[in-house]
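The values are calculated or read from the model by the stated rules, or taken from the named source; none is laboratory data. Since the structure is predicted, the reported quantities are computational estimates derived from the model, not experimental observations. Every residue, glycine as well, gets a Cβ built from its backbone with ideal geometry; the counts of neighbours run over all protein chains shown. Each accessible area value is taken on the protein alone, full model and side chains, heavy atoms only, with ligands, DNA and RNA left out. Shrake-Rupley method; radii C 1.70, N 1.55, O 1.52, S 1.80 Å.
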Amino acid sequence: MMIDFVGKRNNGFNINDWAARQAYIALGNFLTSAALLGIDACLMEGIEAEKYNEILGLDKKGLSAIVVAAAGYRAEGDQYAALQKVRFPRDEVLVEV
């Protein structure tokens, strides 16, 4: 089924766009799992994918970086960790349809 879905599409289907969206599903699970384990994590877009590809040798494997996820533990002396969080009013963030 997957071979038919991915390999035989020729009606404007773009495998790279589809693969990028699949990566975000996995990244959502990664962020949730990290949070449950008490690990800080953050996604970064706007990366220079070509440089990641070159440094990690992804281009030689026919792969490409889409997004980067950093994970770790915040420093004990992180002055920003204790600051009050910014929360926007619900009506400024959500739109009911």
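Things worth noting here:
- Meets criteria (surrounded by 10 or more Cβ atoms within 10 Å (Cβ to Cβ) and within 18 Å of Ala23 (Cα to Cα)) for Ala69: yes
- Taken together, the residues in the stretch 58-97 that are touching a strand residue (DSSP E or B) at 6+ places or on another chain (Cβ under 8 Å) and over 18 Å from Leu43 (Cβ atoms) amount to 0.
- Wholly within the stretch 9-97, helices (runs of 4 or more DSSP H) carrying at least 2 residues that are at pLDDT below 90: 15-36
- Among the residues of the stretch 46-76, those that are within 20 Å of Ile15 (Cβ to Cβ) and not aliphatic (A, V, I, L, M) comprise Glu50, Tyr52, Asn53, Asp59, Lys60, Lys61, Gly62, Ser64.
- Cβ-Cβ contacts under 7 Å between residues 6 or more apart (or on different chains), taken from a first residue in the stretch 77-97 that is on the phi < 0 side of the Ramachandran plot to a second residue that is open to solvent by 100 Å² or more (accessible area, probe 1.4 Å), are listed as Ala81/Arg74.
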